[in-house]
1. May I ask for the equivalent-ellipsoid semi-axes of the range 15-168, computed as the square root of five times each C-alpha gyration tensor eigenvalue and listed largest first in whole Å?
2. Report D for the chain in µm² per second (integer): Stokes-Einstein, Kirkwood Rh on Cα pairs, 25 °C, 0.890 mPa s.
3. In Å and on Cα atoms, what radius of gyration and Dmax does the range 28-73 show?
4. When the convex hull of the C-alpha atoms of the range 167-228 is computed, what volume per residue in Å³ does it have?
5. Going through the DSSP H helices of the chain, which span 15 Å or more along their own axis at the Cα atoms while scoring at least 0.5 as a mean Kyte-Doolittle hydropathy?
6. Using amide H atoms built in the peptide plane, which far-off residues or other-chain residues are under 5 Å from TYR371 H to H?
7. Using Cα centres only, tell me the gap between the range 269-296 and the range 16-43 in whole Å.
8. Going by C-beta contacts inside 10 Å, put MET1, MET182, MET408 in order with the fewest on the left.
Amino acid sequence: MIRIHTLILGGGLTGLSTAYHLQQAGHSDYLLVEQTSQPGGLCRSFYKDGFTFDCSGHLLHLHTAYGKKWVRALLPNNLRRVKRNAWVYTHDTYIPFPFQANLYALPEKQRRECADGLKDRPVYATPSTFKEWCLTSFGKGIYKHFFRPYNTKLWGLPPSRLTCDWCGPFIPRPSGPQLQQMLSKKSTRPWGYNTYFYYPVHGGCGALVEALAKRVLNLRLNTRVTSIDLTTKTARLGTQTVRFDYLVNTLALPQFLQLLKNTPALSRLASRLKTVSVLVYHLAVRGKGKKFSWIYFPHSKDPFFRVGQQSSFSPYNAPKGCRSFYVELPGIYAPSRQLEKQIWNSLLQKGIITRYDEKITAFWQKIPAAYALFDKTHTATVQKALCQLEELDCLCAGRYGRWEYSFMETSILQGRETAQKLL
């Protein structure tokens, strides 16, 4: 048995940030464990046939002075600022993203329906579902043509069965008069938290993790946690027992709760937390084509809900004269040659690839826990679990540890905040 002050579970961005900030404050009595052979979790990059791929889209949306300074210090001369070039493909038309701020670009019939919906929007003072939030914010037409089909495809549930607890900071919400103006002309201001983003010049998003991991001393890879007892403050790491004073969890909260022993009330909460999985088809081609950041596909005729152009984030993500993409599909799909052919033909029909493009490499990746599902039991269950865990000296942090919807900077900052709490 070994004894430490702080045991940190999960070597992703949040766990690494927590360890780094503890260490910077002179606290080295910690152990960070990661079950795989590489740190980073889903914030990793890998290399194949001259291309750099990430685990789907991982972009740095930096909004705080500390976050910008911290990332730049880790990636000196290896960070670029990129302007978003995103679209929505609907009714055989490319609409600039965000959809609700670019209604002028819709075909006449759909634009008229959006205009009619804006005139008689229902008013829900306190929306209880995502559907009610959308109808109050945008009206029936915008809901019909984008928010309902896209979110049903992404989450696997209709918006009437989702809460709106997650969407506030992430979905731009122009006022009624602004929406009316956007029916006829392009907005003069950018909309959304991601109008610009940062990305490493070399090494993909994994460059950030690699730079951070080099500064973390007590990182143990290939170490799987098999059980945790918060009543005795012990954890089993394979055949070894670790006794700790404090535990920091950054693993997916449902998975973590299933590891707990002797706290049955906490363990039972795991079954109430739902997960959305994603299947990613990585594709690289030789040939020139249009550049874009990502495109949303709301309608069910396309199996995928989003396509990102990995090679657009940095010129070093692909060899010269080549392009690379990540195609995101709901996790209900299974890899097959037939599905590959369907994806290729759909990308071809939409002009994302051309008949002159030569496929260089393609492969699948399954992300079992891509998103927390915000159903009606989600928020109360998460709050209950986090409060009870903190009473047992267990802090949860990050998108997965807190089972929330957030971006990479949040993981960095929550790692810092967790370290400050421990200190």
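No lab work stands behind these numbers, since they all come straight from the coordinates. Small disclaimer: the values here were computed from a predicted structure and weren't measured. Cβ atoms come from the backbone with ideal geometry, glycine included; neighbour counts cover every protein chain shown.
1. On the way: eigenvalues 323, 87, 53 Å².
Semi-axis lengths for the range 15-168 are 40, 21, 16 Å.
2. Values: Rh = 22.9 Å.
Diffusion coefficient, whole number: 107 µm²/s.
3. Gyration radius and largest Cα-Cα distance of the range 28-73: 14.4, 41 Å.
4. Values: hull volume 12.2 nm³, N = 62.
Value for the range 167-228: 196 Å³ per residue.
5. Sorted by number, there is nothing, because no helix extends far enough and scores high enough.
6. HN-HN under 5 Å from TYR371: VAL276.
7. When both Cα centres are located, 27 Å separates them.
8. Numbers: MET1 7, MET182 20, MET408 23.
Least crowded to most crowded, the residues run MET1, MET182, MET408.
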